[in-house]
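Data block below; observations after.
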């Protein structure tokens, strides 16, 4: 990384974001605004009704793009546009600095879509984000959506119906599938968080689950994981230790994945006995989570759990 993380000083006071990250009052700045990916997805977010206040492209400050102002820095977007959430669409080599810049400017929720950021860079960035009290979603994630309020990411908004089920997922595609299954069961989504599939991510499954457990607008949680790592087991144990306050339906992708082979995501590789889908599913079930064998069972199971059909 070309920039050394410095001490973060907040020049402005920011309104507290709701417990699950984004809502209708969120003011989003797009880093990498005028690039191909940034332009396409910013347009989609605007069409959804998200408050995109503008974007950042160094050297293009003072111009306009998608009928919104372009700023040279995130600090300018905060000062002049009141931004309090950032979404990042910049190449892997520049993404770590982009995250640091957003946090230094006082942004409290940073969503990084970028894939392929070096692990060593992310270790340093994650520590910096945590030290400064910000929340990072991603990298290599689909983002966050609170249906009918704010879409901060690349997910297809039409799939998400408003409701009271929280979704946390390592897989982008399965986030959409879960939302569709929930809708087909006559339910809806409070907020969906795609945490990302890299080995080092800003917000873990446990941390996302904790947000939902503390959210008064969420009645139950869908937790989707995959092979590799300990995120799901850590979350399951935390849920049990905290008294299973809200019902959780869980699914683990990669049940037939061979040991030692990466499955799509950089973090999805079985390194030990506890990394397999079978092992994770056993731990989750032992912790009181309603584990399903297929994504197609998520909505039906959730409906039955909420009706008390499944104890």
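Before we move on, is residue 148 outside the structural domain of residue 303 (by TED's automatic domain parsing) and either surrounded by fewer than 24 Cβ atoms within 10 Å (Cβ to Cβ) or not in a strand (DSSP E or B) (or both)?
In short, yes.
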Filter the range 186-202 for residues that are buried (at least 23 other Cβ atoms within 10 Å of the Cβ) and in a loop (DSSP other than H, G, I, E, B); which is nearest to the chain's Cα centre (by Cα)?
195
Selection count where residues are in contact (Cβ under 8 Å) with a residue 24 or more places away in the chain, out of contact with any helix residue (DSSP H, G or I) (no Cβ under 6 Å at 6 or more places or on another chain) and within 21 Å of residue 235 (Cβ to Cβ), scope the range 156-173
4
Mind listing whichever residues of the range 208-259 are more than 22 Å from residue 277 (Cβ to Cβ) and in a helix (DSSP H, G or I)?
210, 211, 212, 213, 241
Could you tell me whether any residue of the range 94-112 is surrounded by fewer than 17 Cβ atoms within 10 Å (Cβ to Cβ) and either in contact with a strand residue (DSSP E or B) (Cβ under 9 Å, 6 or more places away or on another chain) or assigned by TED's automatic domain parsing to the domain that holds residue 199 (or both)?
no
Extreme residue, nearest to residue 136 (Cα to Cα), among residues of the range 60-80 that are crowded, with 19+ Cβ neighbours inside 10 Å and touching a residue at least 24 places away in the same chain (Cβ under 8 Å)
74
Being touching a residue at least 60 places away in the same chain (Cβ under 8 Å), surrounded by 17 or more Cβ atoms within 10 Å (Cβ to Cβ) and not in a helix (DSSP H, G or I) is the filter here; which residues of the range 41-59 pass it?
50, 51
Can you name every residue in the range 113-131 that is surrounded by fewer than 18 Cβ atoms within 10 Å (Cβ to Cβ), on the phi < 0 side of the Ramachandran plot and more than 16 Å from the chain's Cα centre (by Cα)?
118, 119, 120, 123, 124, 127, 131
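The values are calculated or read from the model by the stated rules, or taken from the named source; none is laboratory data. Source: prediction; values computed, not measured. Heads up, the Cβs are rebuilt from the backbone with ideal geometry, glycines too, and the neighbour counts pull from every protein chain shown.
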